[in-house]
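Everything below concerns the one structure shown next.
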Amino acid sequence: RADGLIVHVNPLQEAMQPEGDLFKRPPLDTLRELLEIPELKVIVKEVGQGFGPESLRALLQLPLEAVEFAAAGGTNFAKLELLRSDPEKQMIFEKIAAVGHSAAEMTGWLNAALA
């Protein structure tokens, strides 16, 4: 029996993995479905690129226990996964692997959304 679930949202990292899983539906739809399970506590964790302001506002509308973000600027797992890919994919996606939002940006957006 699980008391809760931490859902990792990491689309860029997955896209860069040679064997990565691609989203088949929007993460918000998956979260809404999980939140229908009685008494299941859900935490959303972003890993490495950050959430934009619209995504943060949408998450705040859900009855989540918490939102955790690692943000851009730390270990870039998208870049690490890309390094495992073939050279052609590395050349095509190198700049994309570096996109993201900082923790300071996201904190400002969260504070504005909660004000």
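Bear in mind that the values in this text are calculations on the coordinates, not laboratory data. What you see is a predicted model; the values in this text were computed from it and never measured. Counting neighbours? That spans all protein chains shown, and the Cβs are built from the backbone with ideal geometry, glycine included.
Key figures
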item: Order of 25, 1 under a 10 Å beta carbon neighbour criterion, fewest first; result: 1, 25
item: Alpha-carbon spread of the range 43-92, three principal axes, descending order, Å; result: 42, 18, 16
item: Summed residue charge, Cβ within 15 Å of residue 90's Cβ, Lys/Arg positive, Asp/Glu negative; result: 0
item: Listed values [x] 56, 34, 28; [y] 46, 35, 21; [z] 42, 25, 23, entry calculated as Cα extents along the principal axes in Å; result: [y]
item: Length released on extending from residue 102 to residue 88, taking residue separation times 0.36 nm less the Cα-Cα span; result: 2.2 nm
item: Gain upon complete extension [residue 5, residue 66; 0.36 nm per residue less C-alpha separation]; result: 20.9 nm
